[in-house]
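Working notes, beginning with the structure itself.
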There are 2 protein chains.
Amino acid sequence: MLKQERAAITRNQIVKGAAEMFDRAGYERASLAEIVDLSGITKGALYFHFKSKDDLASVVIEEQHAISMNAVQAILSSGAPALEQLAMLCYEMARQMIEDPIVRAGIRLTLEMSADGGPRKPYADWIVSCERVACAAIDEGDVVDTVVPAELGRFIVGAFTGVQLVSNVLTGRDDLYERIDQMLTLLLPGIMPPRRRHKIDRIRAARWTPPAAD
Amino acid sequence: MLKQERAAITRNQIVKGAAEMFDRAGYERASLAEIVDLSGITKGALYFHFKSKDDLASVVIEEQHAISMNAVQAILSSGAPALEQLAMLCYEMARQMIEDPIVRAGIRLTLEMSADGGPRKPYADWIVSCERVACAAIDEGDVVDTVVPAELGRFIVGAFTGVQLVSNVLTGRDDLYERIDQMLTLLLPGIMPPRRRHKIDRIRAARWTPPAAD
């Protein structure tokens, strides 16, 4: 195995261990010593790849954001009707939080930092994506043209953020899919023209499946 | 002045100083020494009233919850139509976060702890109140009876939580009132029967005014 490949594998192990730690304990209580244990690497290897806990947290947030944005891009170029894309986005973000420890850790770190007013980029990127979907849904005639795409995009991101937060507090995200379905059921009739509302059940059932890993 | 009165005033000063500290720095970075400075009291006085930082944080959260729930009770017994009460609840929670440092600190502490899955009570109490308002709105014919009150109550609390969180991250809550208006504008048409939708502007404009302090 090439030296670079080994280094990449080690780095990956560290990021996974760090994600597990941040997900479980949060930033303040996470300890580098425990991350070393969880990763099954040496302290020297950790400091070879990362300068500090802060550095590790930034990498976890970046990887989570990359994972999430890859799915967003794939859904936005799926060719599905825009409102189905919106449902896919919500369900896929929920699935990632439930199933992927790096995503869960990134979301927790972002949430912890949000009390201090940052980082803005994850929210801003996601709002822009939802705004694009809202524009497309208006073009397709599935959303009434009195809805302002930027306002709908912002509201979807805010509502989703809070719905998953409350689901996490009250049920450890056990009821997250159900709560997203209720969000769509309550929201869609108000933004769709009456003649398109027969599509609501189809939109609620729309899911995007990530391509199988090699 | 009676000894008890002086003690109550001192305790109040400490809680205010602690709220200022927690609001600015969060739980982990808050220091008891700085809380002593901010409160203008002695370290001895602080330890006479509170055992620990944890104890202080619990008291700030309790006071915030009491302030918020007092307003909720007043709004729920205001006699206003239920959907106007719902708008009043959202705007009053927003106003408290913007204007009251104890509320802001309590919300920040609750948010920080929510990553660890607790405390549940503030969310649960608020959901029950919103569910009661949703029931009343259905009884009054302003919300269609296919809406499940528990689901609407839960969604309102989730959506509000996230809308205020994203507003805080992106604008320091500068656009919070505007974002609440957009939430109501997007949500109301979908839950109201067509013959009642002429009331939407009136509902959006509904505000509750706290009684003036003595």
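Tabulated data for the structure shown
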item	result
Helix A:121-139 vs. chain A, principal-axis angle (Cα, 0 to 90°, nearest 10)	20 degrees
Those residues of region B:82-119 for which accessible area with every protein chain present is at least 10 Å² below the isolated value (1.4 Å probe)	B:R108, B:L111, B:E112, B:S114, B:A115, B:D116, B:G117
For the protein assembly as shown, size of Cβ-based charge dipole, Lys and Arg +1, Asp and Glu -1, in debye	100 debye
Prolate/oblate/rounded label for chain A (Cα gyration tensor, a/c 1.5)	prolate
Selected from A:W208, B:V103, B:F22, residue furthest toward positive end of dipole (the protein assembly as shown; charges at beta carbon)	B:F22
Total charge dipole magnitude, region A:1-50, about the Cα centre, Cβ charges on Lys, Arg, Asp, Glu only, Debye to nearest 20	200 debye
Acute angle (nearest 10 degrees) that the helix B:149-171 long axis makes with the longest principal axis of chain B, alpha-carbon atoms	60 degrees
Most fluctuating residue given options B:A33, B:A124, B:A137, as computed from a GNM of chain B linking Cα atoms under 10 Å	B:A33
Helix A:101-114 vs. chain A, principal-axis angle (Cα, 0 to 90°, nearest 10)	80 degrees
Proximal lysines to B:K51, defined as alpha-carbon separation beneath 26 angstrom and excluding residues fewer than eight positions away on the same chain	B:K3, B:K16, B:K43, B:K121
Debye, to nearest 20: dipole size of chain A, +1 on Lys, Arg Cβ, -1 on Asp, Glu Cβ	120 debye
The protein assembly as shown shape via C-alpha gyration tensor axes, a/c threshold 1.5	oblate
Sum of -39500 (n - 2.57) over DSSP H runs of 4+, divided by residues of the protein assembly as shown (222 nm, nearest 500)	-25000 deg cm²/dmol
Shielding by partners - mean other protein chain Cβ count within 10 Å, residues of B:188-194	4
Region B:1-50: C-alpha gyration tensor shape, a/c 1.5 cut-off, then a/b vs b/c	prolate
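The values are calculated or read from the model by the stated rules, or taken from the named source; none is laboratory data. Every value quoted in this text rests on a predicted model; they were computed, and no experiment measured them. Don't worry about glycine lacking a Cβ; one is built from the backbone with ideal geometry, like all the others, and counts go over all protein chains shown. Heads up: the accessible areas ignore ligands, DNA and RNA and are worked out on the full protein's heavy atoms, side chains in. Shrake-Rupley method; radii C 1.70, N 1.55, O 1.52, S 1.80 Å.
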